[in-house]
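Structure, as structure tokens:
The values are calculated or read from the model by the stated rules, or taken from the named source; none is laboratory data. Remember, it's a predicted structure, so these values are computed and weren't measured experimentally. Note: ideal-geometry Cβ built from the backbone for every residue, glycine included; neighbour counts use all protein chains shown. Protein only, heavy atoms only, side chains kept; ligands, DNA and RNA dropped before computing areas. Shrake-Rupley method; radii C 1.70, N 1.55, O 1.52, S 1.80 Å.
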Amino acid sequence: TSCAPMLGSRRAASAARRLARGCASGAELSRFVGARSEYTPELRYLYPHADAVPPAFPCFRLIDDNGVPVEGAALPDIAPAVMRRMQQTMVKVSEFDKVFNDAQRQGRISFYLTSRGEEACSVGSAAALREDDWMLPQYRELGSALWRGMTYTDIANQATGNRHDPAHGRQLPLHYGSYERRIVYVKSTLGTQCPHAAGVGYGMKRRGGGQVALTYFGEGCASEGDVPSAFNIAAVHGCPTIFFCRNNGYAISTNASEQYSSDGVAPRGFAYGMPTIRVDGNDLLAVYAATAAARAIGTEQGRPTLVEAMTYRVGAHSTSDDDSKYREPSAPEEGWDDERSYWEARSPIVRFGRYLHQRGCFSGADEERMRRALRKEAIAALSAAEEAGRPSPHHLFTDVWDVEPPALQQQRAALQEHMARHPAAYDKFPSFSSQ
């Protein structure tokens, strides 16, 4: 790999100097938008007060872009059936994304955002947890929900806000959750999941039983004040919380070069006293191994950790975003039409699929059959969700107050009276008596 920095015009000169040091060592450098540094096969968390801050945090990986284990890699011991399930879950995310992103463009749901190119971050991290560990997603973690057992039907009901949606249509699409599966509901208020995760981790510590909390956030979300507050709370109180940063290079309308001039997000974990690692987020095995190690640090050492997973957001931020306004147009290497095509060829599904193919437990034909079946399943889930009917207006007034205050009772009565006077305008809604 060439050592040419290939940095955008706004990238700080200090980043170029860090890359120059990497070139001098002869190591291969990553080409992620959010930060570039030397690759390493060594699974090693850097500890504050014990390790020196490196000029650039090394990027841990186990398999290369062709799915071949890198020299010196110690691969995690994962059963073939589990690895196949991990690949299937990433493909499930991909097919659901295609169907529901199109559904939004057709006016069938109000909003959507895809996980294209980032599937390994959610699936690999969720697979490394215990089933009773708590997860606090940001919004681009559909893979973790599917891994935990949520179904296409569950997500479709939530995305359409129908009468089967446990949140009764109050949330944006993909703002799912499940108490039974230990998944705290997604929130549109960016960053709030991080101090919540510190609190959940502290609760797990007080309770005992070896549970941890893992929360996801992006490099853009890391600019919210809640995030450093959560780091400090978790570090000071020794919370077994894993802070998992998906650094995909782009927040909504914003390139990473407009978020920070530092070496990515990893140095912040170090600064707040947390063991920290940077990992190739497109390498499913590396994500799994790094998360498993973070979990062990939390349960055995009573410390929070920061995992910065370097990845690439292939799609727009959401259906409300025009990413052509801020995405880098050129590829990081010659021979590619643009940056997007370069990274699509290195997607986690392609990469891990090659690894499994080399082991004889997955093939291109397997993926084609899988995709055809999953597309049919996603379309069927969408159609059924649309036909299920809307939630009762009764739920506009539930789940907040144990005993409704007078003002809310007056609002309920006023709405009931209004709907009764204009039945034609509300013929698609069930009655108040319908729960």
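Taking only the C-alpha atoms of the chain, the Rg (one decimal) and the largest Cα-Cα distance, Dmax (whole number), read 22.6, 78 Å. Measuring only protein heavy atoms, the 1.4 Å probe finds residue 403 accessible over about 110 Å².
Relative contact order of the chain: 20 percent, from C-alpha pairs under 8 Å at least 6 residues apart in sequence. Under 17 Å of direct C-alpha separation, and excluding same-chain neighbours fewer than eight residues apart, residue 376 reaches these aspartates and glutamates: 95, 97, 102, 154, 366, 367, 368, 386, 387.
For the range 46-122, applying the loop criterion from DSSP together with a ceiling of 15 other beta carbons within 10 Å to the chymotrypsin sites (Phe, Trp or Tyr not before Pro) yields 111.
A Gaussian network model of the chain, with springs between Cα atoms under 10 Å, assigns the largest mean-square fluctuation among 193, 301, 409 to 409. Of the residues 114, 89, 189, the one that moves most in a GNM of the chain with alpha-carbon contacts below 10 Å is 189. In terms of accessible area, using a 1.4 Å probe and ignoring ligands and nucleic acids, 77, 65 rank largest first as 77, 65. Entry comment: accessible area of the range 128-180 is 33 Å² per residue, from protein heavy atoms only and a probe of 1.4 Å. Cross-link reach is defined here as a Cα-Cα straight distance under 18 Å, omitting same-chain residues fewer than 8 places apart; for residue 428 none of the lysines meet it. Bridgeable lysines around residue 325 (alpha carbons under 30 Å apart, same-chain partners fewer than 8 residues away excluded): 92, 98, 187.
A 1.4 Å probe over all protein chains sorts 40, 215 by accessible area into 40, 215, starting with the largest.
Pick from 140, 359, 340: which is most flexible by mean-square fluctuation in a GNM of the chain where alpha carbon atoms under 10 Å apart are linked? Maximum fluctuation in the GNM of the chain, among the listed residues, is at 359.
Please list 239, 361 in order of solvent-accessible area, largest first, computed with a 1.4 Å probe with all protein chains present. Display every interim value, and only then the final one.
Values: 239 0, 361 30 Å².
Descending order: 361, 239.
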